[in-house]
Every structure is written in C-alpha cells, then in structure tokens.
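Q: Below is a structure I'd like to ask you about.
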Amino acid sequence: MDGLIFQVIIFAILFSVGFGFGRYNEHKHFRYLDEQEQRLAYIQMNSSRFIMSEYSGQMISSNVVISHDYFKYAIANVQNMLGGRLTSYESVVERARREAIVRLKLEAEKIGATQIMGIRLSTTELGMQGGMVEVFAYGTALKQPSWPNWMSTQKLCRADPALLHDSGTQ
C-alpha cells in the first residue's frame, strides 16, 4: 500500500512539473510569435489564386512541426472519449500555423520581398497517435523595385504633371 501511494505521489509531481514546463514553453512561443508578427507586418500577404503582377516573383516555402506535451495528450484523450472540441490541441495547431507564416515571411524578407501572393497552408497530423502537427506554407514572394523605378510614367504624371514634362516624355 505504501508503495502505491509513493508511486501516485511521484506521478503527480512529475505530471505537475511537465504541465508547468509545457505551459511555460507554450507561452514563451506565443510571445515570440507576437513579436515576429509585429516586426514582419510590413510584408503583405494575399491568398487570391489568380492575381497578376508586373513584378518578378519567387516561390518560397516554410515548414514547421510542433508536438504537444504529455499533459495535452492526456486531456485530449479524455475529451475525445466525451466528444466535442479538442481545445487542448487547438493551441498546438494555432502555434504551428502562426509559426509557418512567420517563417514564410522571414524567407520573403531574406530575398527583399514586400509581398507574398497566392499563399497556401497544408496541415498534416504526424505520429502514431496524432502527437505532432506539421504545417507547410508556400506562396510567391514579390520584390518591388525601389522608387522611382517601379512606378510607371503614367502614375508619375497623375501624381505631378510637371514630372512628365521634366522627364522629356510627352
């Protein structure tokens, strides 16, 4: 009997420590994502499929795999038996999706792009018991030339007709 009580106490302590570290790491990851999303907000994203652009584009992609902690796994099993939403997994999927988009924007930033068009996300469940979520993100990064090269003469004329006369075009 004493051995059983000792095992239950050890299990409860280890379970609590795992829960604490899991929540700490999850909150730390959410803070990191918030910071990166704010820093990369200047990169615009568009999920439309058939938009044309006059600027050159480059295919970019990112991939992330995030695993749940043991506590979320235990809670999800109980929720799965009772039915309904698996709220403990929703934060794992949200973190994976946001991380994939942040990584995609970082790839765009590396090549000097300011816009990502045709963005797509693909989600896959990995592991024997669905313990990991993979999110693959891809899109076309557009680099816009710097001012004034990227603006056409027509746009310049609308902004200031004197520029048209000064440039020698009529």
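Q: Restricting attention to segment 33-46, which residues are open to solvent by less than 70 Å² (accessible area, probe 1.4 Å), of a type outside the set (A, V, I, L, M, F, W, C) and over 30 Å from residue 21 (Cβ atoms)?
A: Answer for segment 33-46, where residues must be open to solvent by less than 70 Å² (accessible area, probe 1.4 Å), of a type outside the set (A, V, I, L, M, F, W, C) and over 30 Å from residue 21 (Cβ atoms): just 46.
Condition check ((1) farther than 30 Å from residue 14 by Cα; (2) exposed (fewer than 11 other Cβ atoms within 10 Å of the Cβ)) across all residues:
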| site | (1), (2) |
| --- | --- |
| 49 | yes, yes |
| 55 | yes, no |
| 66 | no, no |
| 72 | no, no |
| 86 | no, no |
| 99 | no, no |
| 104 | yes, no |
| 107 | yes, no |
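Q: Can you tell me which residues in segment 1-32 are surrounded by 13 or more Cβ atoms within 10 Å (Cβ to Cβ) and over 17 Å from residue 100 (Cα atoms)?
A: Result: 15, 18, 19, 22, 23.
Q: Show the residue pairs that are 6+ apart or on different chains and have beta-carbon atoms under 6 Å apart, the first residue being within segment 52-69 and closer than 19 Å to residue 126 by Cα, the second being in a strand (DSSP E or B).
A: 62/137; 63/136; 64/135; 65/132; 65/134; 66/133; 67/132
Q: Within segment 65-83, does at least one residue satisfy the condition of being at pLDDT 90 or above and touching a helix residue (DSSP H, G or I) at 6+ places or on another chain (Cβ under 9 Å)? Walk me through how you get there before you give the answer.
A: Taking segment 65-83 as the starting set, the residues that turn out to be at pLDDT 90 or above are 65.
Right, trim to touching a helix residue (DSSP H, G or I) at 6+ places or on another chain (Cβ under 9 Å) and you get 65.
Yes, that holds for at least one residue.
Q: Tally up the residues in segment 90-102 that are out of contact with any strand residue (DSSP E or B) (no Cβ under 8 Å at 6 or more places or on another chain) and under 11 Å from residue 68 (Cα atoms), please.
A: Qualifying residue count, segment 90-102: 2.
The values are calculated or read from the model by the stated rules, or taken from the named source; none is laboratory data. Everything numeric in this text was worked out from a predicted model, so none of it was measured. All Cβ positions, even for glycine, are placed from backbone atoms using ideal geometry, and neighbour counts span all protein chains on display. In case anyone asks, the SASA skips ligands and DNA or RNA and just uses the protein heavy atoms, side chains included. Shrake-Rupley method; radii C 1.70, N 1.55, O 1.52, S 1.80 Å.
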